[in-house]
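A short write-up of the structure that comes next.
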Amino acid sequence: MKLLDVHALSLLKTLPRYVAENPPRPSVMALLLLTELRYGTYPATPESFTPNPIRTWQIPQYPFHSPQTRRLFYSEKTQFIVHLCIFAGLQCLPQYPPVKALGVLVSIWIIWTGIQLGVRYQTSPPLFGPIYLADSLATFWTETWHNAFAAPCLSLAYTPTTYLLTRLRLPRMLVRSCAVVAAFAFMSLFHMYALAPILSAEGQKRIGIFFLANGVCTVAETAVWGKKRDWRRAVLAWMIELGLASWTIVECEIADGLLSADWKGLCRANVR
């Protein structure tokens with residue numbers, strides 16, 4: 001996917017440019033383009049690319065008055081511990097589908113952030129924002145959740161769809177909505193393919209529907225609320241997200257809790 005992303009960007013002559021002083025030699029630049037999945041870096045750091053396809057979440061003004069304390073609390077390392085505690089708390093609850101679904105989301109957050117902390121460049125942006133701060137489907141998928149796929153979704157799905165539908169002279173709002181759904185459809189196909197060895201046919205289908213339904217719901221939510229943030233929007237977003245995740249998780253053969261997992265089975269491919 002990453003190679004396809006770079007190829008598409010090169011065809012469109014939109015490869016991210018290194019805009020800081022003293023750009024690296026071409027071999028190092030090629031390595032950065034292939035391994036830095038987000039291209040974005042923190043402001044005012046030695047490394048910076050433009051255009052930047054991701055939107056990182058902004059540190060809120062709570063719960064501490066001191067900016068230094070807030071930065072420490074919302075740092076990746078501190079949030080890694082916070083999410084570990086959330087995951088441990090979820091494991092102590094009865095594993096009803098919504099609890100299990102939230103546990104899976106948090107576990108994905110922990111696993112990928114753990115990898116990120118070990119192999120990231122010094123100036124790489126976070127993969128995730130704090131999951132408990134997501135207050136809409138739109139912000140969940142654009143700011144909070146796993147931004148490593150932002151660039152491929154843009155170059156391989158969103159941008160081509162926008163170009164084709166614009167040529168058909170469709171209304172701008174319809175074009176953007178279809179492009180968003182196309183990006184989610186792209187992620188749907190990718191996850192179905194990537195998880196095929198460990199999921200049943202029904203599980204793969206539900207994974208695909210999960211992402212596609214999130215795209216449709218995100219477009220509908222944005223059409224109703226726009227950029228407005230409201231507690232009712234947040235509640236509805238979490239109801240939709242956990243509802244879809246719960247429906248999906250039922251067919252994904254995931255153990256009821258960490259201690260009930262078939263750890264040896266992780267090495268066995270699903271051949272049904």
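Values for this structure:
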| read-out | value |
| --- | --- |
| Residue list for region 121-137, filter: closer than 15 Å to THR56 by Cβ and buried (at least 17 other Cβ atoms within 10 Å of the Cβ) | SER124, PRO125, PRO126, LEU127, PHE128, GLY129, PRO130, ILE131, LEU133, ALA134 |
| Single unsatisfied condition, HIS191 versus (1) at pLDDT below 95; (2) touching a Ser or Thr at 6+ places or on another chain (Cβ under 8 Å) | (2) |
| Cβ pairs under 7 Å, 6+ apart, first in region 130-151 and within 28 Å of LEU15 (Cβ to Cβ) and in the same structural domain as ILE86 (by TED's automatic domain parsing), second of a type in the set (Ser, Thr, Tyr) and not in a loop (DSSP other than H, G, I, E, B) | ALA138/THR218; ALA138/THR222; TRP141/THR218 |
| Residues that are closer than 13 Å to ALA138 by Cβ and among the polar types (S, T, N, Q), drawn from region 168-221 | SER177, ASN214, THR218 |
| Criterion (among the β-branched types (Val, Ile, Thr) and touching a helix residue (DSSP H, G or I) at 6+ places or on another chain (Cβ under 6 Å)) met by exactly one of ILE198, ILE207 | ILE207 |
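The values are calculated or read from the model by the stated rules, or taken from the named source; none is laboratory data. Because the structure is predicted, anything quoted here is derived from the model rather than measured. A quick note on method: Cβ atoms are made from the backbone with ideal geometry, for glycine too, and the neighbour counts reach across all protein chains shown.
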